[in-house]
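The values are calculated or read from the model by the stated rules, or taken from the named source; none is laboratory data. Source: prediction; values computed, not measured. Neighbour counts are summed over all protein chains in view; Cβ atoms, including those assigned to glycine, are modelled from backbone coordinates with ideal geometry. Ligands, DNA and RNA are stripped out before the accessible areas are found, and what is left, the full protein with its side chains, is counted by its heavy atoms. Shrake-Rupley method; radii C 1.70, N 1.55, O 1.52, S 1.80 Å.
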Amino acid sequence: MDKEAIIQSLRELAQYLELDGENPFKIRSYLKSAEILEHIQEPIETLIESGTLRNLEGIGEAIEKKILAWYHDEPVPALEKVKSKYPSSLLELFSVQSLGAKRIRSLFDNLQITNLDDLYKACLEGKVSTVTGFNKKIENKIIESIDLLKQWKGQFLLSHGYDVAKKMIEKLKNIIDRDNIYIAGSLRRYEETIRNINLLLLTEDKETIKQNLHALFPEINKENIKSFVSLKCFDIPVLINFTSNDDFGTQFVWNTGSKHFVDLLIQHCEQKNLCLSQQGLLNPNGIPINCNTEENFFELIGLPYLSPELRNIYDDMDFVYKNADNLVKMEDIQGIVHCHTLYSDGRNSISELAEYCIHRGFRYIVICDHSQSAGYANGLSIEDIKKQHEEIEKLNSIYKPFQILKGIECDIKSDGSLDYPNEILDAFDVVIGSIHTKLDMDKTTATQRLLKSIKNPHLDILGHISGRLLLSRKDYPLEMDTLLKACSEHNVSIEINANPQRLDIDWKNIYKSKKYNIKYTISVDAHNIEGIEDAIYGVYIARKGILKSTDILNCKNVEDFKNWFKKKI
Ligand SMILES: [Zn+2]
Ligand SMILES: [Zn+2]
């Protein structure tokens, strides 16, 4: 088994044991080990061969033994035992909101429910609400949640898509030069979620490459290698298309999409007496027109070049074209905002995060751990804040001119108030306010809760406004226009949360907000060093929303960034 499969097995074991009512500490230790493995830098082979697996904090003898067994493709008795008691399809139920292990077990025992379809049917028949511990409200929530799961089926997070694409490219490098492998499709357009990975291979010898592909991926049926190849990599469908130099520009545009954008191009070409199709670009006499770059393609059809992430549906395409050249870029980002540390639920220390930012050329970092009510994430007590601020001051004298700013991700409580008294909030350079609890709100409740926090002069940035977790939790309903207007009036910056699970605020709302002149902050919501690199996703979301660097607070230098917040009180 490889590392991913071992991590998966650890999580699976934890779920089975939870169903079985096993000791919660034991369950947590498996989940913790999975998390540790997920974040180690060294290849698992090295750790196993050098016998240092158990040196990792949290991996004891029993877990090490299991990992070794999985690594050598041997069965793990503890897993086999619980697996024999419950059908594997029962684990699907963990993805349903409002269902934990106890409820799943109860559905299994009382209604013999073993999979999502059974559960959906039983809910529709009103059987679930008759089981002790359930009621009509929960039953309806389950139906709603399964409907969403159906809607999300076959979709993947953008970051997962990039991880898998990188692995595919590593493999493909065995048969084709890296420079001739191009990522196209929704990944290249930085869509929040993707359905497949679209790769374009540039070659003058398609037949040889196709044969080599078959050798590389024996699962591809040789007979089926036609104009493109499709296969699966880590569950994601991968489409591989081929192009030669003459036609590269057209094919890159065609394979990048979006479908809507390409349809617009087809119409545009028709007006110019050109024909655009999957076969390429043809002149009025049906003769192929060569174009070897995308820029060349756009020039030929008489349109300005448009970056892939902007090939969306916009109601005002002229506005998009007019601003397309001046949008925010990764190089414009001067400070990294919203980093969790070991003080709350982060995995790295302040100094580790700061040193990484220095190494990456950023000028400042804003540390934002969770606030005191966030018991679920080890939120900071007033005592912890004092300690953290002392540490930051000490580190600042070492790292200058780089600066570590004192921030907090302060819970917005259910009544809309912030989670510390004013004199404590005064001690921070930056206060991000976010909702983490009591998420089940109607539109008025959610809007009023956020509105109250926006009106609080201590709030600097509104964090992950909609509360959505892509492909796992729906956003709560909001009167978005009211909130955008209020943020503008009260000088509250809106966070573009770049964590690939969130990408919140939705870029379509950013685009709609242009009349309010809102200042945004691209924040990483990082829980470890790697999370800092998520900033790139935030930049692309901002670009989709047609934002320039002047619209983004952390494109400012540290003094101007800090002063912007001071000005508001
Ligand atoms: Zn948060
Ligand atoms: Zn956070």
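See the values below:
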quantity: Cβ pairs under 6 Å, 6+ apart, first in the range 432-460 and under 20 Å from Lys474 (Cα atoms) and at pLDDT 95 or above, second of a type in the set (Asp, Glu) and surrounded by fewer than 20 Cβ atoms within 10 Å (Cβ to Cβ); calculated: Thr447/Glu479
quantity: Close pairs from the range 11-40: first assigned by TED's automatic domain parsing to the domain that holds Ser106 and without any contact (Cβ under 8 Å) to a residue 24 or more places away in the chain, partner of a type in the set (Ser, Thr, Tyr) and surrounded by 15 or more Cβ atoms within 10 Å (Cβ to Cβ), Cβ under 7 Å, at least 6 apart; calculated: Ala14/Tyr30
quantity: Pair list, Cβ < 8 Å and 6+ apart or interchain, from the range 44-59 residues that are at pLDDT below 85 to residues that are small (Gly, Ala, Ser); calculated: Arg54/Gly60; Gly58/Ser29; Gly58/Ser33
quantity: Residue identified as in the same structural domain as Lys452 (by TED's automatic domain parsing), among the charged types (D, E, K, R) and without any contact (Cβ under 8 Å) to a residue 12 or more places away in the chain among Glu391, Glu409, Glu383; calculated: Glu383
quantity: Among the candidates Ile181, Ile146, residue that is surrounded by 14 or more Cβ atoms within 10 Å (Cβ to Cβ) and assigned by TED's automatic domain parsing to the domain that holds Pro308; calculated: Ile181
quantity: Long-range neighbours under 6 Å by Cβ, at least six apart or interchain, first residue under 19 Å from Asp429 (Cβ atoms) and touching a residue at least 24 places away in the same chain (Cβ under 8 Å) within the range 368-379, second among the aromatic types (Phe, Trp, Tyr) and away from ligand 2 (no atom under 11 Å from the Cβ); calculated: Asp369/Tyr343
quantity: Scan of the range 534-558 for residues that are within 16 Å of ligand 2 (Cβ to nearest atom) and under 14 Å from the mean Cα position of the chain (by Cα), ordered by number; calculated: Asp534, Ala535, Tyr537, Gly538
quantity: Residue in the range 55-65 that is of a type in the set (Val, Ile, Thr), assigned by TED's automatic domain parsing to the domain that holds Ile113, within 14 Å of Val76 (Cα to Cα) and in a helix (DSSP H, G or I) present; calculated: yes
quantity: Criterion (within 16 Å of ligand 1 (Cβ to nearest atom), surrounded by 19 or more Cβ atoms within 10 Å (Cβ to Cβ) and more than 13 Å from the chain's Cα centre (by Cα)) met by exactly one of Ile522, Ile510, Ile496, Ile505; calculated: Ile522
quantity: Selection status of Asn499, touching a helix residue (DSSP H, G or I) at 6+ places or on another chain (Cβ under 9 Å), under 24 Å from Tyr343 (Cβ atoms) and at pLDDT 95 or above; calculated: yes
quantity: Matching residues in the range 386-417 - criterion: being surrounded by 22 or more Cβ atoms within 10 Å (Cβ to Cβ) and closer than 19 Å to Tyr376 by Cβ; calculated: Ile408, Glu409, Cys410, Asp411, Ile412
quantity: Scope the range 344-381; condition among the aliphatic types (A, V, I, L, M), more than 22 Å from the chain's Cα centre (by Cα), open to solvent by less than 10 Å² (accessible area, probe 1.4 Å) and more than 16 Å from ligand 1 (Cβ to nearest atom); matching residues; calculated: Ile350, Ala354
quantity: Hits in the range 461-483 - residues which are outside any loop (DSSP other than H, G, I, E, B) and within 30 Å of Phe94 (Cβ to Cβ); calculated: Leu469, Arg473
quantity: Residue in the range 437-444 that is within 16 Å of ligand 2 (Cβ to nearest atom) and within 22 Å of Arg502 (Cβ to Cβ) present; calculated: yes
quantity: All positions within the range 323-360 that are among the basic types (Lys, Arg) and modelled with pLDDT of 95 or more; calculated: Lys329, Arg360
quantity: Residue tally, condition open to solvent by less than 50 Å² (accessible area, probe 1.4 Å) and either free of Cβ contacts under 8 Å to residues at least 60 places away in the same chain or not assigned by TED's automatic domain parsing to the domain that holds Leu53 (or both), over the range 67-97; calculated: 5
quantity: Of residues in the range 473-487 being open to solvent by 40 Å² or more (accessible area, probe 1.4 Å) and away from ligand 2 (no atom under 16 Å from the Cβ), the one nearest to Phe565 (Cα to Cα); calculated: Lys485
quantity: Conditions (1) in contact (Cβ under 8 Å) with a residue 40 or more places away in the chain; (2) buried (at least 18 other Cβ atoms within 10 Å of the Cβ): number failed by Glu530; calculated: (2)
quantity: Subset of the range 453-472 that is within 16 Å of ligand 2 (Cβ to nearest atom) and β-branched (Val, Ile, Thr) - its residue that is farthest from Asn422 (Cα to Cα); calculated: Ile465
quantity: Complete set of residues in the range 332-343 that are over 21 Å from the mean Cα position of the chain (by Cα) and either open to solvent by 50 Å² or more (accessible area, probe 1.4 Å) or within 16 Å of Lys406 (Cα to Cα) (or both); calculated: Gln334, Leu342, Tyr343
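Matching residues to (1) away from ligand 1 (no atom under 14 Å from the Cβ); (2) under 24 Å from His340 (Cβ atoms); (3) in contact with a helix residue (DSSP H, G or I) (Cβ under 6 Å, 6 or more places away or on another chain):
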residue: Leu425; (1), (2), (3): yes, yes, no
residue: Ile432; (1), (2), (3): no, yes, no
residue: Ile435; (1), (2), (3): no, yes, no
residue: Asp460; (1), (2), (3): yes, yes, yes
residue: Gly467; (1), (2), (3): no, yes, no
residue: Ser472; (1), (2), (3): yes, yes, no
residue: Leu478; (1), (2), (3): yes, no, yes
residue: Val492; (1), (2), (3): yes, yes, yes
